[in-house]
Amino acid sequence: MKPAGNDALARQRAGEPSPVRHRNSHRHDQPGRPDITDVERQIVGLANRSTQDLQVAWRQLHRTGPPLGLSRDLLIRALAHQLQEQSYGGASRALRRRLQSLAGAAEKATMAVDPGLVLKAGTTLVRQWRGHTHTVLVHRDGFEHEGQLSIRR
């Protein structure tokens, strides 16, 4: 015998109303909202579309092609997010301001140079990135990377 939770899920997938009430409200108390199952159907439909169709949907939405290297999974997730945002509304103005503020603070923190950090001339910094080894040589008056010297001011 199946657990009771599966019956509710099956009814929801079949488009039948869920017997579960949401906390502090009835499922029909919010006028003007689209049918939840319709949005869910659209999101599930994204997984069944070809990658080319998903890229076309991205172009229609953003007026440009998707970023290079964006995986199919992320493309689907981004389009699903956009569907939800269009149906239910996006982040509030206050939340967007707060996120922008946090992003700015994080950017300043990563750009700040530790004043206690002193690199001696002759130090070699090595970093692997995307299968390529980058080597930077510290000079008295700057840094050398791939044969090019940048002077510190």
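The values are calculated or read from the model by the stated rules, or taken from the named source; none is laboratory data. For clarity, every value in this text was computed on a predicted model and none was experimentally measured. Virtual Cβ from ideal backbone geometry, glycine too; neighbours counted across all protein chains shown.
Numbers below:
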read-out: Boolean, L74 is modelled with pLDDT of 60 or more and in the same structural domain as R130 (by TED's automatic domain parsing); value: no
read-out: Residue check for A91: more than 30 Å from L46 (Cα to Cα) and hydrophobic (A, V, I, L, M, F, W, C); value: no
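For every residue, the table says whether it meets (1) without any contact (Cβ under 8 Å) to a residue 60 or more places away in the chain; (2) among the aliphatic types (A, V, I, L, M); (3) surrounded by fewer than 13 Cβ atoms within 10 Å (Cβ to Cβ); (4) out of contact with any His (no Cβ under 8 Å at 6 or more places or on another chain).
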position: E40; (1), (2), (3), (4): yes, no, no, yes
position: V44; (1), (2), (3), (4): yes, yes, yes, yes
position: S50; (1), (2), (3), (4): yes, no, yes, yes
position: T64; (1), (2), (3), (4): yes, no, yes, yes
position: L70; (1), (2), (3), (4): yes, yes, no, yes
position: A78; (1), (2), (3), (4): yes, yes, no, yes
position: R93; (1), (2), (3), (4): yes, no, yes, yes
